[in-house]
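Worksheet for the structure shown next.
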Amino acid sequence: MIESMPPAEVADSERFERLGLDADAGAVARAREDFARWLGRFFDLDAVRSSDLVLATNEALANAAEFAYVLDDRPGTIDMQAAYHPDQQTLTVEICDHGTWRTPQTDPTPRTRGRGIPLMKTLSDEATIEGSTDGTRVRLAWRGVART
């Protein structure tokens, strides 16, 4: 029997990667905490801006963990890649899954859920979400990010 590969982890001054994360709440929480520590170590962000980056990224991770593999027979994985572009002082984060895209509901009744995508768009300078037959890719970007 072939054993699964452990998730790949990279964290240096220009990249943060967590590849092959289990699509579950525990893995998402650990990735969020690692990401927050990485931001604090390498970037000059005030508490509000740091919180915005972490919250928007967490929403993308949580959506992938909760929704991407609902229709699958077995658990899936999530890939997270953050990259700093020093020449543009831009930080980008990409969250990818290999599950099935679900169109967000447009039900006019009040809900307690469904705020993740609007949060990602509000908290980042740029947010794109691309669903395909191969999964979903969320790309978030923040401009004017300085290093420590």
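The values are calculated or read from the model by the stated rules, or taken from the named source; none is laboratory data. Predicted model, so just to flag it, every value in this text is computed and none were measured. With ideal geometry, Cβ positions are generated from the backbone for all residues, glycine too; neighbour counts draw on all protein chains shown. What goes into the accessible areas is simple: the full protein's heavy atoms, side chains included, and nothing from ligands, DNA or RNA. Shrake-Rupley method; radii C 1.70, N 1.55, O 1.52, S 1.80 Å.
In the chain, the portion of solvent-accessible area held by carbon and sulfur atoms comes to 50 percent [1.4 Å probe, whole percent, DNA, RNA and ligands not counted]. With viscosity set to 1.002 mPa s at 20 °C, what whole-number translational diffusion coefficient in µm²/s follows for the chain from Stokes-Einstein and a Kirkwood radius over Cα pairs? Approximately 135 µm²/s, per Stokes-Einstein.
Here the label points at HIS85 and ARG30, each 7 Å from Cα along the C-beta direction, are separated by 3.1 nm in the simple model.
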